[in-house]
Amino acid sequence: MALSFFIAIDNNMKSQIVAQVLMDRETKDAYAWVFQCTLDATGITPKVFIIDADPRMDAAILLKYPSTFPIHCIWHISQNLPLQLKSKLGELFDQFKKDFYECQNSLVEEIFEQKWSDLLVKYPNTASYLKKSLYSQLPL
């Protein structure tokens, strides 16, 4: 079972829990149902969602909140990288991690895109996971 919290920033810049959900499955349809319920209850479309880089949640956000921008939480990404890629990269994982965070810390979009492209070329066995889970918008 997955527990999700919906937290909003109020007019005093304080975070407030506005909804919680306990889900028996984490599918695109289940997330879409939750998002539809919150939309029906509040009538509010969030400007941003900060999520754990779950592609199913990304798809549900696009379906129910097409104008909302999903931001992937770097803490969750940092937890998932070793789980998904360490065995694929072996001894190269530490260098990959350094290159990944250098790319992630780019302040200019064009520089980010170039570093992202370089990352996928340098570590081709990570491309499937990285593109599917983190940055599927780039046609690389």
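The values are calculated or read from the model by the stated rules, or taken from the named source; none is laboratory data. Values in this document were obtained by computation on a predicted structure and should not be read as measured data. Glycine also receives a Cβ, built like all others from the backbone with ideal geometry; neighbour counts cover every protein chain displayed.
So here's what we get for this one:
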{"read-out": "Meets criteria (at pLDDT below 90, buried (at least 16 other Cβ atoms within 10 Å of the Cβ) and aromatic (Phe, Trp, Tyr)) for residue 135", "value": "yes"}
{"read-out": "Options 47, 132, 115: the member that is basic (Lys, Arg) and in contact with a Cys (Cβ under 6 Å, 6 or more places away or on another chain)", "value": "115"}
{"read-out": "Residue check for residue 108: over 25 Å from residue 57 (Cα atoms), surrounded by fewer than 16 Cβ atoms within 10 Å (Cβ to Cβ), among the β-branched types (Val, Ile, Thr) and over 20 Å from the mean Cα position of the chain (by Cα)", "value": "no"}
{"read-out": "Selection count, segment 54-105, where residues are more than 17 Å from residue 132 (Cα to Cα) and in contact (Cβ under 8 Å) with a residue 24 or more places away in the chain", "value": "7"}
{"read-out": "Hits in segment 77-104 (condition: closer than 20 Å to residue 51 by Cβ and among the polar types (S, T, N, Q))", "value": "78, 79, 80, 84, 104"}
